[in-house]
Amino acid sequence: MAAKKPKLAVWKFASCDGCQLSLLDCEDELLAVAGAVEIANFPEASRAIIKGPYDVSLVEGSVTTPHDAERIHKVRRASKFLISIGACATAGGIQALRNFSDVNEFVSIVYASPQYISTLKQSTPISEHVFVDFELRGCPIDKGQLLEVINALLNERKPNIPTHSLCLDCKRQGLPCVMVSQGTPCLGPITQAGCGVLCPAFDRGCYGCFGPMESPNGKALIEKWQEMGADDAEVLRSLRTFNACANAFEKESRKYE
């Protein structure tokens, strides 16, 4: 009798779908993944819905409505392992910019009939509502890292995901520091590696897509930016993007409001 395959479920909350689509972007590895697991719930890939419990749940998106605040608890109860994937699920996402203002004001401006909108005051990461077994950073996540996490959980080992800063990867690739060589503000020194140094490779500063590194020193970095001529508005704008409400980025940005 063939061994029963582990059940994999993919869940969407407030997000753009980009992170869960990273699983479909695996291309060459996708058949191997499909052969190793039973895809039980993944609307982007299949209409099939298989009841839980699930061995692994991938959760994309932040919690922004009362309905989703209840739904995430149902997902947690049905899942042996729950992995939050992407900036929205791990830090609230770009929609968490509303956390710095009055969401009711935004609703009144954007929607013709705001009385029909049911939303929470803040956009929050999954970990603020339920226990998360592992957080996979990125906007979007790296497909190689996603495969590593799935492989690790299925084989009962710890995922091997780097937590060092982007700068180390730049040095490994022999790229000149854009801050030193060009005077370009860059979040690389306080951002976790994982993107393959995409922006510095094209002579641009890092945008912080993978959120804060393991032990960021935001104060020292911003002081260097200011020596280079960056004003408070530029600092605030740079820290408030995809991971604006990640603890280290939010804490530092509050100083420049």
Original post:
Within region 181-204, how many residues turn out to be touching a strand residue (DSSP E or B) at 6+ places or on another chain (Cβ under 8 Å) and either outside the structural domain of S238 (by TED's automatic domain parsing) or in a loop (DSSP other than H, G, I, E, B) (or both)?
Top reply: 1
Subject >> Subset of region 18-64 [among the small types (G, A, S) and either farther than 16 Å from K80 by Cβ or in a helix (DSSP H, G or I) (or both)] >> reply: G18, S22, A32, A34, G35, A36, A45, S46, A48, G61, S62
Original post:
Identify, please: which residue in region 98-119 is free of Cβ contacts under 8 Å to residues at least 40 places away in the same chain and part of a loop (DSSP other than H, G, I, E, B) and is, among those, nearest to M213 (Cα to Cα)?
Top reply: S101
Original post:
Can you spot a residue in region 248-256 that is of a type in the set (S, T, N, Q), farther than 22 Å from C19 by Cα and at pLDDT below 95?
Top reply: no
**OP:** Being in contact (Cβ under 8 Å) with a residue 12 or more places away in the chain and more than 29 Å from V56 (Cβ to Cβ) narrows it down to one of V235, V130, so name that one.
**Re:** V235
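Matching residues to (1) touching a Gly at 6+ places or on another chain (Cβ under 7 Å); (2) in a loop (DSSP other than H, G, I, E, B):
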{"position": "L147", "(1), (2)": "no, no"}
{"position": "I150", "(1), (2)": "no, no"}
{"position": "D169", "(1), (2)": "no, no"}
{"position": "G174", "(1), (2)": "no, yes"}
{"position": "M179", "(1), (2)": "no, no"}
{"position": "C209", "(1), (2)": "yes, yes"}
{"position": "K224", "(1), (2)": "no, no"}
{"position": "G229", "(1), (2)": "no, yes"}
{"position": "R237", "(1), (2)": "no, no"}
Subject >> Selection count, region 143-160, where residues are in contact with a strand residue (DSSP E or B) (Cβ under 9 Å, 6 or more places away or on another chain) and crowded, with 19+ Cβ neighbours inside 10 Å >> reply: 5
Original post:
Which residues, counting only those in region 208-257, are of a type in the set (F, W, Y) and under 21 Å from G138 (Cα atoms)?
Top reply: F210, F242, F249
Original post:
Which members of region 1-30 meet the condition of being free of Cβ contacts under 8 Å to residues at least 40 places away in the same chain and farther than 24 Å from G194 by Cα?
Top reply: M1, A2, A3, K4, K5
**OP:** Just name the residue that is surrounded by the most Cβ atoms within 10 Å (Cβ to Cβ) out of those in region 183-206 that are without any contact (Cβ under 8 Å) to a residue 40 or more places away in the chain and under 13 Å from the mean Cα position of the chain (by Cα).
**Re:** T191
Original post:
Is at least one residue of region 95-104 surrounded by 22 or more Cβ atoms within 10 Å (Cβ to Cβ) and outside the structural domain of H67 (by TED's automatic domain parsing)?
Top reply: no
**OP:** Select, from Q122, Q95, the only residue that is part of a helix (DSSP H, G or I) and more than 27 Å from E156 (Cβ to Cβ).
**Re:** Q95
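The values are calculated or read from the model by the stated rules, or taken from the named source; none is laboratory data. Quick caveat: nothing in here was measured; it's all calculated off a predicted structure. Neighbour counts run over all protein chains shown; Cβ positions are idealised from the backbone, glycine included.
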